[in-house]
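The values are calculated or read from the model by the stated rules, or taken from the named source; none is laboratory data. All of these numbers come straight from a predicted model, not from anything done at the bench. Cβ atoms come from the backbone with ideal geometry, glycine included; neighbour counts cover every protein chain shown. To get the accessible areas, we keep the full protein, side chains included, count just its heavy atoms, and leave off ligands, DNA and RNA. Shrake-Rupley method; radii C 1.70, N 1.55, O 1.52, S 1.80 Å.
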Amino acid sequence: MTMIKARIDNIEVEVEEGTTILEAAEQVQVKIPTLCKHPDLCATAACGICVVKVAGRPNLIRACCTPLDNGMEITTRDPELVEVRRNVIELILSKHPNECLTCIRNGNCELQKLSADFGIRCEEYESIVPDLPKDDSTKSIVLDPRKCINCGRCVEVCQNQQAVWALSFLNRGISTQIAAAGGIPLAESPCIKCGQCSAHCPTGAITEYDDTLAVWSAINDEKKHCVVQIAPAVRVAIGEAFGLKPGELTTGKLYAALRRIGFDAVFDTNFSADLTIMEEASEFVERFVNKTAPLPLITSCCPAWVDFMEKYHYDMIPYFSSCKSPQGMLGALAKTYYADKKGIKPEDMVVVSIMPCTAKKYEISRSKDMYSSGVQDVDYSLTTREVARMLKQSGIDFLALAEEEADSLLGEYTGAGTIFGYTGGVMEAALRTAYYFVTGEDPKDLDFVQTRGLEGIKEAEIDIKGTKIRIAVAHGTGNVETVVNRIRHAIETGEELPYHFVEVMACPGGCIGGGGQPTGVTDKVRLERTAGLEKDDHAHQIRCSHENKEVQKLYEDFLGKPLSEKSHELLHTHYVPRPCYKR
Amino acid sequence: MAEEKSGNKYIDESVNVVKKWKNKRGSLIMALHEIQGVFGYIPWESARTVAEQMNIPLARIYEVLTFYNYFKLEAPGKVIISVCDGTACHIKGSMNVLDAFKQELGVEENETTPDRLFHLQVVRCLGCCGLSPVAVVNGKTYSSVTAGDVKNIVAEWRAKEAETA
Ligand code: SF4
Ligand code: SF4
Ligand code: SF4
Ligand code: FES
């Protein structure tokens, strides 16, 4: 590997060839300000805030997209550069509404922070804020193009990282605007509601659809029995909103906080993740051993992936697991099994879920299967970000709370349930239980490390006492096509299947990197959140879903056995091809 | 293989156009150009057809369509009024003429009247500066136009269209 030597602000640096000036500067603790650049994404070089001087070059150079060259003498700060950067910010602000106090990103907006850092105190240029309407048609995310600074992150995310191509830039120059093709409402576009655009937007131009007011009134409605469930990935991320490091486990505090704000029962989606494994591993064994349906089996717990498949890869429907997501399963059981035991009518209940995810807002009404209790199974799905706000509004000293336990019937979980939150975790959890179903014993080593890590596509062969199972794990919908094409090719040619079992999560890193998680995610943060869940897994005495006592009791008292008629009625769903564009 | 017709002219005609361009590199703009030649604009159905047939995301097609001023996304009016704003015309007050048209028709530039009869646009130099200020209506040139002439020009074309309708 070729190394490059140069000086940045008179400090020697030596970096690999291809390293940008921005990255090289970070290595010697020089922080060049950025706005459009996101560590996940290719530089769009749209804003011009990162300009630096390179000795011998007449013009200013953008550090985020310029590779360091041998012998470069770089200046990252002097009065002139500060002035240029300040001017860039002032120009951006002149097109940006002055609405910080009422903005959903107040307090964690990258533009607001820059403006504060540079001490912008007055409006230098006449304000020309375009008059553009909001688009909340998806009811999952909201576009507010007035607040857009045209950094290009969301377009890069949607077109390349996610390969959805819902978002694009329309027009050019000063009238440039983000929108779906031809300016149609986003809900009529191929958008899969993954929310990755909202997790990457530096400002309040793309945000989650806010359901908190509706949830507050449900909680305060005395006639309603209001229960809540918490997804795996939330517990290692919500702490960030209260100053904790990514990955710190807050499960017990979260249970306590939710009781304090008025929920009548607190359940855990990790419980229904364990249940999902019981159903899905059974499905796998059915297909693999008894050949009742074709292989590969493809996981279905990510609603953005389901939506993507129904739009772009609907020839995969026969291979899809019919399992609902853990959110859907818990909702159905809360309004049947739990409601029965408590003697409450399902229509007198409200089920709220707390998810790392904006697509889960879409999922709760995506088909009639989501009304399996006779009413809508899950009433509201909140993102991690919304719940962090609700806790702050409530004046709860979150970090000081004593830990509590979840409520029984739908609250117990194993290590297998908690790892649903990261890429490869569903596969790993399913393998633990499939191994048991096939051989009658638990695998000696429960850690299927081949499924782990942030590589976009992970492939492996797993040995179940001599039987080889080929698996693939993909995350970020941009990585899906390669996997699907391999499957397609084998099916068309009759060649041997490349995989028997495939896991897909729409968000890079899986749900820990979900579109509804605290903003500012990078691979470093993804790994820290993942480590938090791994720790949770290892801290559990029981690490296999089939050993979850409450799940066992649920089968004894209510469902019978995995894939029973009752299971199918409540825990499974159907898929249909959907058009990318509605018109 | 028998060709399937959708029965929608915007789709079927676009399928025909795309056939010619499908396998040539960089031919998206040419195909769109030709479709605009047929319909006078790019209807949504045509854009969708191009996307499907050429295997290009629709979002990318609209990025292209809205990048170039040349492409129109809405059916133009039947009578197209082009007011020249070249340097010569500008100096001689073509903007007053434009304002008069705006007022008479109740539209802004690049807009079509709700009855789809008139479309108002501004063009760069038409190359007949000696006649400035110039307006061209469906190919007919009006020279040394003043704001006062506008009412009559509009009336003339309204009558003409009423006859042929
Ligand atoms: S939610 Fe996902 S699919 Fe929809 S616009 Fe954003 S990035 Fe694209
Ligand atoms: S919506 Fe946000 S991410 Fe997208 S271009 Fe605008 S500011 Fe950037
Ligand atoms: S990966 Fe998780 S957070 Fe992302 S869309 Fe899928 S379920 Fe939601
Ligand atoms: S951060 Fe480099 S151009 Fe925006």
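Taking amide hydrogens as placed 1.01 Å from N in the peptide plane, the amide H of residue A:206 sits under 5 Å from those of A:144, each at least 5 positions away in sequence or on another chain.
For segment A:3-77, the mean projected area of the C-alpha convex hull, equal to one quarter of the hull surface, is 4.5 nm².
The ellipsoid equivalent to the alpha-carbon distribution of segment B:79-164 has semi-axes of 21, 13, 11 angstrom, derived from the gyration tensor eigenvalues as √(5λ) and listed largest first.
Relative to the dominant Cα principal axis of chain A, helix A:523-539 is inclined by about 30°. Axis of helix A:269-288 versus longest Cα principal axis of chain A: the two differ by about 70°, to the nearest ten degrees.
Per residue, the accessible area of chain B comes to 56 Å², computed with a 1.4 Å probe over protein heavy atoms only. Taking the Cα centre of segment B:9-67 as origin and assigning +1 to Lys and Arg Cβ atoms and -1 to Asp and Glu Cβ atoms, the resulting dipole is close to 260 debye.
Note on B:61-68: average number of Cβ atoms from other chains within 10 Å of each residue's Cβ is 6. Along its three principal directions, the equivalent ellipsoid of segment B:1-157 from the Cα gyration tensor extends over semi-axes of 37, 16, 12 Å, largest first. So what is log10(I(q)/I(0)) for chain A at q = 0.09, 0.10, 0.12 1/Å, when the Debye sum runs over its Cα atoms only? So the normalised log intensities work out to -0.71, -0.87, -1.20. Note on residue A:461/residue B:96: beta-carbon distance plugged into 1/(1 + (r/R0)^6) with R0 of 60 Å gives a FRET efficiency of 0.15. Loop exposure criterion: GluC sites (Glu not before Pro), DSSP state outside H, G, I, E and B, at most 15 other Cβ atoms within 10 Å. Applied to chain A, the longest stretch between such sites is A:223-402. Segment A:76-94 to segment A:398-420: how many Å between their Cα centroids? The distance from the Cα centre of segment A:76-94 to that of segment A:398-420 comes to 48 Å. The apolar share of the surface of segment A:76-229, taken as the fraction of accessible area on carbon and sulfur atoms (1.4 Å probe, ligands and nucleic acids excluded), comes to 52 percent.
Near the amide H of residue B:118, within less than 5 Å, lie the amide hydrogens of B:78, B:79, B:113, all on another chain or at least 5 residues away, with H placed in the peptide plane. The string of couplings for segment A:147-153 from the Karplus curve (6.51, -1.76, 1.60, θ = phi - 60°) is 8, 6, 9, 6, 6, x, 4 Hz, one whole number per residue in order, with x for Gly and Pro. For segment A:377-475, the list of trypsin sites (Lys or Arg not before Pro) that fall in a loop by DSSP and count at most 13 other C-beta atoms within 10 angstrom reads A:444, A:465.
With θ taken as phi - 60° and the Karplus curve 6.51 cos²θ - 1.76 cosθ + 1.60 applied, the whole-hertz 3J(HN,Hα) list for segment A:154-169 is 5, 5, 4, 4, 6, 7, 9, 4, 9, 6, 8, 6, 7, 8, 7, 8 Hz, x standing for glycine and proline. Computed from protein heavy atoms with a 1.4 Å probe, the total accessible area buried between B and A is close to 1200 Å². For segment A:345-477, averaging the sequence separation of C-alpha pairs within contact (under 8 Å, six or more residues apart) and dividing by the residue count gives a relative contact order of 14 percent.
Calculate the length of the line joining the C-alpha centroid of segment A:526-583 to that of segment A:314-378, in whole Å. Here the two parts' Cα centres lie 12 Å apart. For segment B:70-165, chymotrypsin sites (Phe, Trp or Tyr not before Pro) are listed when DSSP marks them as loop and at most 11 other Cβ atoms sit within 10 Å of their Cβ; the list is B:70. Surface exposure of segment A:31-176, expressed per residue as accessible area with a 1.4 Å probe, stands at 50 Å².
What longest range of chain B stays clear of loop-exposed GluC sites (Glu not before Pro) (DSSP non-H/G/I/E/B, at most 11 other C-beta within 10 angstrom)? Value returned for the longest uninterrupted segment is B:5-107.
For the peptides A:176-183, A:520-527, the ranking by packing is A:176-183, A:520-527, with the highest mean count of neighbouring Cβ atoms within 10 Å listed first. Using a simple spin-label model with pseudo-atoms 7 Å out from Cα toward Cβ, residue A:539 and residue A:485 lie 4.3 nm apart. Look at where the Cα atoms of segment B:52-112 and of segment A:160-206 average out, and the two centres are 25 Å apart.
Considering all different alpha carbon pairs of segment B:9-67, the Kirkwood hydrodynamic radius works out to 11.0 Å. Averaged over the residues of peptide B:41-52, the number of Cβ atoms from other protein chains lying within 10 Å of each residue's Cβ is 2.
Principal-axis analysis of the Cα atoms of chain A puts helix A:79-94 at an angle of about 60° to the longest axis. When only alpha carbons of segment A:298-373 are considered, Rg and Dmax amount to 13.9, 44 Å. Taking every alpha-carbon pair under 8 Å whose residues sit at least 6 apart, segment A:92-208 reaches a relative contact order of 30 percent. Taking a straight line from the alpha carbon of residue A:31, these aspartates and glutamates sit under 12 Å away, with near neighbours fewer than eight places off in the same chain left out: A:9, A:23. Loop-resident trypsin sites (Lys or Arg not before Pro) (DSSP state other than H, G, I, E or B) in segment A:2-40 with no more than 16 further Cβ atoms inside 10 Å of their Cβ: A:31.
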